[in-house]
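The values are calculated or read from the model by the stated rules, or taken from the named source; none is laboratory data. Note that the coordinates shown come from a computational prediction; the quantities given were computed from them, not determined experimentally. Every residue, glycine as well, gets a Cβ built from its backbone with ideal geometry; the counts of neighbours run over all protein chains shown. The protein model used for the area step is the full one, side chains on, heavy atoms only, and it has no ligands, DNA or RNA in it. Shrake-Rupley method; radii C 1.70, N 1.55, O 1.52, S 1.80 Å.
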Amino acid sequence: RPPGADAPTPGQLAARDAAMGAADIRLVGKPHPLIYEACRAQLAIAGIDAAGARVAAVGDSLHHDVLGASQNGVDSVFICGGVHYRELEVPQAAAVPPAADKLAALLATFASEHGGCTPTHALAGFRL
């Protein structure tokens, strides 16, 4: 999806599929443990011991990427210019660092609502 454009979420797609008659719909995404189990299996296939490897989940959603990583024993890298760009008052997908107080407030609120969960690291943006 282009920066600034909304995209359908899995829940919306599932509702559409149900309306079209689908009977067996399973919602599995971050933070569901199956996602992390699949990643660990891929690491094992590649001959990498996930327990001893330096692995981090990278994502722009505190509720999905950071929380999922935390709940599954994985470090996380929170990308500020994604889902939370409005709250952080930065342009979406532009790798502009948020004001330190905005980031601290967002992370503190999230942590207070999710048992102290915070990202291991935070970056303004991320490109391959």
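Sorted by accessible area with a 1.4 angstrom probe, largest first, how do HIS84, HIS64 fall?
Numbers: HIS84 10, HIS64 90 Å².
From most exposed to least exposed: HIS64, HIS84.
Out of residues 5 or more away from SER76 or on other chains, whose amide H comes under 5 Å of its own, with H placed 1.01 Å from N in the peptide plane?
ALA57, THR120, HIS121
Give me the accessible area per residue for region 23-106, probe 1.4 Å, as a whole number in Å².
Working: 4950 Å² over 84 residues.
Normalised by residue count, the accessible surface of region 23-106 is 59 Å².
Scan [x] 7.8; [y] 10.8; [z] 9.7 for the value of mean projected area of the Cα convex hull in nm² calculated from this model and give just the label.
Of the labelled values, this structure produces [z].
Tell me, what is the percent relative contact order of the chain, built from C-alpha pairs under 8 Å that lie six or more residues apart?
The value is 20 percent.
Below 8 Å between Cα atoms, with a sequence gap of 6+, how large is the relative contact order for region 53-92 in percent?
On the way: 55 pairs, mean separation 14.9, N = 40.
Relative contact order, region 53-92: 37 percent.
In whole percent, what relative contact order does region 87-128 give with Cα contacts below 8 Å and a gap of six or more residues?
Details: 32 pairs, mean separation 18.0, N = 42.
Result for region 87-128 is 43 percent.
Can you pull out the trypsin sites (Lys or Arg not before Pro) in region 45-128 whose DSSP state is coil and whose Cβ has at most 16 other Cβ atoms within 10 Å? Walk me through the numbers on the way to the answer.
Working: sites: ARG54, ARG86, LYS102, ARG127; in loops: ARG54, ARG127.
Answer in residue order: ARG54, ARG127.
Treating the beta-carbon of each Lys and Arg as +1 and of each Asp and Glu as -1, no other charges, what is the dipole magnitude of the chain about its Cα centre, to the nearest 20 debye?
Values: 9 positive and 12 negative charges, 44 e Å.
Result for the chain is approximately 220 debye, rounded to the nearest 20.
Residue by residue through region 17-31, what is 3J(HN,Hα) from phi via Karplus (6.51 cos²θ - 1.76 cosθ + 1.60, θ = phi - 60°)? Round to whole Hz and write x for glycine and proline.
Values, residue by residue: 5, 5, 4, 8, x, 5, 9, 10, 10, 10, 9, 9, x, 5, x Hz.
So if R0 is 41 Å, what FRET efficiency would GLU37 and ALA124 give, r being the distance between their Cβ atoms, rounded to the nearest 0.05? The partial results should precede the final answer.
Values: r = 31 Å, r/R0 = 0.75.
Once the sixth-power term is evaluated, E becomes 0.85.
When the Karplus curve 6.51 cos²θ - 1.76 cosθ + 1.60 is applied with θ = phi - 60°, which whole-Hz ³J(HN,Hα) does each residue of region 87-99 get, with x for Gly and Pro?
Calculated HN-Hα couplings, in order: 4, 8, 6, 10, x, 5, 6, 10, 6, 9, x, x, 4 Hz.
As a test of the formula, what do you get for the chain when each DSSP H run with n ≥ 4 contributes -39,500 (n - 2.57) and the sum is divided by the residue count, at 222 nm and rounded to the nearest 500 deg cm²/dmol?
On the way: 5 runs with 46 residues, N = 128.
Helices in the chain give a 222 nm mean residue ellipticity of -10000 deg cm²/dmol.
State the percentage of accessible surface on region 27-128 attributable to carbon and sulfur atoms; use a 1.4 Å probe and exclude ligands, DNA and RNA.
On the way: 3500 of 6000 Å².
Looking at region 27-128 in its full context, I get 58 percent from C and S.
Taking a probe of 1.4 angstrom, what is the accessible area of THR109 in Å², to the nearest 10?
70
What is the calculated FRET efficiency for ALA108 to ALA46, with r their C-beta to C-beta distance and R₀ = 35 Å, to the nearest 0.05? Don't skip to the end; give the middle numbers.
Values: r = 37 Å, r/R0 = 1.06.
The value I calculate is 0.40.
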